[in-house]
Amino acid sequence: MHFRKCFGYTVYPLLAAILFGTSVLRAQDSTSQQQPPAAQQTTPQTPPVVMQEPLPKNEQQQRALILREAQARVNARREQRIRQIIRDTYSHQYEIYFGGNYLHFLPGPKLQHMGETGWNIGMVDYLHGKLGVAADFRGYYGTTYTGRSAFQVFNPSISQYTFMTGPQYRIFEGQHWGWTAQILVGAIHGNFATGTGGLGSAPVGLWNDGTSLAVSPGVSVDYNLSPGLSFRLTPTALFTDLNSSTLGTNNAVQPAQSSFRRNEGFNVSLLYRFGRQH
């Protein structure tokens with residue numbers, strides 16, 4: 001009886017220890033199976049770089065030749081397109097323009113220059129190639145200062161109108177820009193006494209009313225907005241042969257003075273081309 005008790009005291013704890021150890025080993029095995037191996041957690045390796053062998057020299061030259069020929073074809077098409085635009089622009093036979101102007105004008109032989117503004121309109125017929133004939137009409141308006149006098153006329157209004165014609169020649173014909181030269185000859189009609197209240201132009205030193213010779217050379221610069229439409233700027237010089245009579249110290253009318261006077265200015269116009277030269 002005593003042996004059974006001792007055997008029970010010894011065997012039972014041993015069996016408990018064996019069972020506990022077996023459960024611990026099973027838990028460790030399950031944990032190790034859930035974790036991936038260290039070799040599987042490494043980053044993927046990049047593929048090796050394959051070095052391409054250089055092309056043979058003859059193949060390189062052939063490719064360069066193909067590229068040069070392609071660029072030459074592109075340039076040729078571009079030049080052909082530009083030449084076609086120039087032909088379309090300057091093959092028109094007629095031009096008509098209109099716009100505004102400015103003139104630094106001398107209103108009398110002893111007066112100071114004054115500024116005038118106005119309008120201009122004209123037409124050109126190209127009879128042969130780049131050579132044409134222009135007809136030009138202008139109007140100028142302003143107020144001049146005649147100085148202090150006993151007549152109480154200080155700032156009379158004046159106006160002039162020109163009617164001129166002459167040759168016009170295209171100097172340069174480009175895709176975007178064009179240059180044209182002209183020299184116009186005709187008449188200028190001046191109204192100088194209308195703003196004096198019936199006093200007349202002689203007492204205040206203005207030119208006499210009337211019509212006289214006018215000459216106007218100029219060079220135009222055209223910026224082509226399209227083959228049929230351009231913006232034109234024309235610096236001009238207007239030479240006039242106006243006459244003037246003035247009062248002397250005894251209020252007697254002095255003889256008329258006459259000489260060519262240069263007046264400088266410019267015209268700003270919108271130009272329209274139409275018709276085709278045959």
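Tabulated data for the structure shown
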quantity	calculated
Leading residue by the ranking (surrounded by the fewest Cβ atoms within 10 Å (Cβ to Cβ)) among those in segment 148-191 that are assigned to a loop (DSSP other than H, G, I, E, B) and in contact with a strand residue (DSSP E or B) (Cβ under 6 Å, 6 or more places away or on another chain)	Asn155
Contacts under 8 angstrom Cβ, first residue in segment 194-216 being buried (at least 19 other Cβ atoms within 10 Å of the Cβ), partner assigned to a loop (DSSP other than H, G, I, E, B) and among the charged types (D, E, K, R), 6 or more apart	Ser201/Asp209; Gly205/Lys110; Ala214/Asp241
Residue in segment 105-113 that is aromatic (Phe, Trp, Tyr), within 27 Å of the chain's Cα centre (by Cα), assigned to a strand (DSSP E or B) and surrounded by 15 or more Cβ atoms within 10 Å (Cβ to Cβ) present	no
Residue check for Glu59: over 29 Å from the mean Cα position of the chain (by Cα) and charged (D, E, K, R)	yes
Checklist (1) more than 27 Å from the chain's Cα centre (by Cα); (2) surrounded by 14 or more Cβ atoms within 10 Å (Cβ to Cβ); (3) at pLDDT 95 or above applied to Tyr102, failing item	(1)
Residue selected from segment 217-229 under the condition surrounded by fewer than 19 Cβ atoms within 10 Å (Cβ to Cβ) and assigned to a strand (DSSP E or B), by the criterion modelled with the lowest pLDDT	Ser226
Criterion: under 20 Å from Phe274 (Cα atoms) and either of a type in the set (Ser, Thr, Tyr) or in contact with a His (Cβ under 9 Å, 6 or more places away or on another chain) (or both) - qualifying residue of Tyr140, Tyr126, Tyr161	Tyr126
Yes/no for Gly139 being in a strand (DSSP E or B) and over 33 Å from the mean Cα position of the chain (by Cα)	no
Total residues in segment 132-147, condition surrounded by fewer than 20 Cβ atoms within 10 Å (Cβ to Cβ) and within 14 Å of Tyr94 (Cβ to Cβ)	2
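The values are calculated or read from the model by the stated rules, or taken from the named source; none is laboratory data. A quick note: this is a predicted structure, and the numbers were derived from the prediction, not measured. Because the Cβ atoms are built from the backbone with ideal geometry, glycine has one as well, and the counts that use them run over all protein chains shown.
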